[in-house]
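Enquirer: So that we are looking at the same thing, I have put the structure below in structure tokens.
The values are calculated or read from the model by the stated rules, or taken from the named source; none is laboratory data. What you see is a predicted model, and the numbers here were worked out from it, not measured in a lab. Positions of Cβ are backbone-derived with ideal geometry, glycine not excepted, and every protein chain shown enters the neighbour counts.
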């Protein structure tokens, strides 16, 4: 079976920036085994698969190791593909996902993701977290991931994690963050447990980072930069129980893959 595959750089305005995601449109679901095998073969932090639904599309995300409940950059990439390389002519697309209904809206040259807010709660600092980061955070919180807060942007940039130690933590990953110099806040994200040592730009982490920094800075609209090697910029807005994440995307590659499907 021949399938189309796109590689999109999300939260970027030019290629080789932001976070690359693979996007694979499907007429119907393949088996979970096939979906995971394609994601492993792509060897990107996320591969998104979508199929038509009654009111939009069903959307699923896979790392090279496992399916995940929520992914921001691959959702942005999927919407970019639907808006630009299909017959879809609306300005808003809805997705049915494991995290409920999500939507992406075109607004001028930006794509705006509407995601659930996931506020992090203060927690004890696991020893593995400190060992893995090599530096004691000033504050530790947890949601779907651990959040380690540092004094300044330079602390976040200078971290050289021990990924083996971080892979043994019980949550999905670790976001590290600090107040930014020319943006409201900066972050990095590590998820070695899911086969991603450092994710370049992590939309889902901003579902926790946005409510945290909105409270710290007493504002609901914030600018954020993920200070990975590739870097990426996200405009964030807290709206009640939802978080709006805005960014751009560009196509890097379009091609065909060939799969001998197994029964779903």
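Enquirer: Picking from 83, 62, 57, which residue would you name as being buried (at least 18 other Cβ atoms within 10 Å of the Cβ), in contact with a strand residue (DSSP E or B) (Cβ under 8 Å, 6 or more places away or on another chain), assigned by TED's automatic domain parsing to the domain that holds residue 253 and under 29 Å from residue 192 (Cβ atoms)?
Expert: The match here is 62.
Enquirer: For residues that are outside any strand (DSSP E or B), closer than 19 Å to residue 102 by Cα and within 15 Å of the chain's Cα centre (by Cα), tally how many sit in segment 11-66.
Expert: 2
Enquirer: Looking at this structure, is residue 39 touching a helix residue (DSSP H, G or I) at 6+ places or on another chain (Cβ under 8 Å), more than 13 Å from residue 95 (Cβ to Cβ) and either modelled with pLDDT of 95 or more or not assigned by TED's automatic domain parsing to the domain that holds residue 202 (or both)? Explain how you work it out, then say what you get.
Expert: On the way: touching a helix residue (DSSP H, G or I) at 6+ places or on another chain (Cβ under 8 Å): no; more than 13 Å from residue 95 (Cβ to Cβ): yes; either modelled with pLDDT of 95 or more or not assigned by TED's automatic domain parsing to the domain that holds residue 202 (or both): yes.
Here the answer is no, as residue 39 does not meet what is asked.
Enquirer: Go through segment 150-264 and tell me which strands (runs of 3 or more DSSP E), entirely inside it, have 2 or more residues that are over 25 Å from residue 47 (Cβ atoms). Before you say what the answer is, go through the steps one by one.
Expert: Details: elements: 174-179, 185-191, 196-199, 221-226, 232-239, 242-247, 249-258.
Per the criteria, 174-179, 185-191, 221-226, 232-239.
Enquirer: Hey, does segment 95-102 have a residue that's within 24 Å of residue 211 (Cα to Cα), in the same structural domain as residue 33 (by TED's automatic domain parsing) and in a loop (DSSP other than H, G, I, E, B)?
Expert: Checked segment 95-102: at least one residue is within 24 Å of residue 211 (Cα to Cα), in the same structural domain as residue 33 (by TED's automatic domain parsing) and in a loop (DSSP other than H, G, I, E, B).
Enquirer: Please find, within segment 139-149, the residue that is farthest from the chain's Cα centre (by Cα) out of those that are assigned to a loop (DSSP other than H, G, I, E, B) and buried (at least 20 other Cβ atoms within 10 Å of the Cβ).
Expert: 143
Enquirer: Checking residue 224 against (1) crowded, with 24+ Cβ neighbours inside 10 Å; (2) closer than 27 Å to residue 65 by Cα; (3) modelled with pLDDT of 95 or more: exactly one of these is not met. Which one?
Expert: Only one criterion is unmet by residue 224, namely (2).
Enquirer: Go through segment 182-196 and report how many residues are more than 19 Å from residue 137 (Cβ to Cβ) and modelled with pLDDT of 95 or more.
Expert: Number of matching residues: 2.
Enquirer: Just for segment 111-138: of the residues that are surrounded by fewer than 16 Cβ atoms within 10 Å (Cβ to Cβ) and in a strand (DSSP E or B), which one is farthest from the chain's Cα centre (by Cα)?
Expert: 122
Enquirer: Looking at 23, 93, 51 in this structure, which one is in contact (Cβ under 8 Å) with a residue 40 or more places away in the chain and either buried (at least 17 other Cβ atoms within 10 Å of the Cβ) or over 28 Å from residue 171 (Cβ atoms) (or both)? Talk me through it step by step, then tell me what you get.
Expert: Numbers: 93 fails: in contact (Cβ under 8 Å) with a residue 40 or more places away in the chain; 51 fails: in contact (Cβ under 8 Å) with a residue 40 or more places away in the chain.
None of the others qualify; the one that does is 23.
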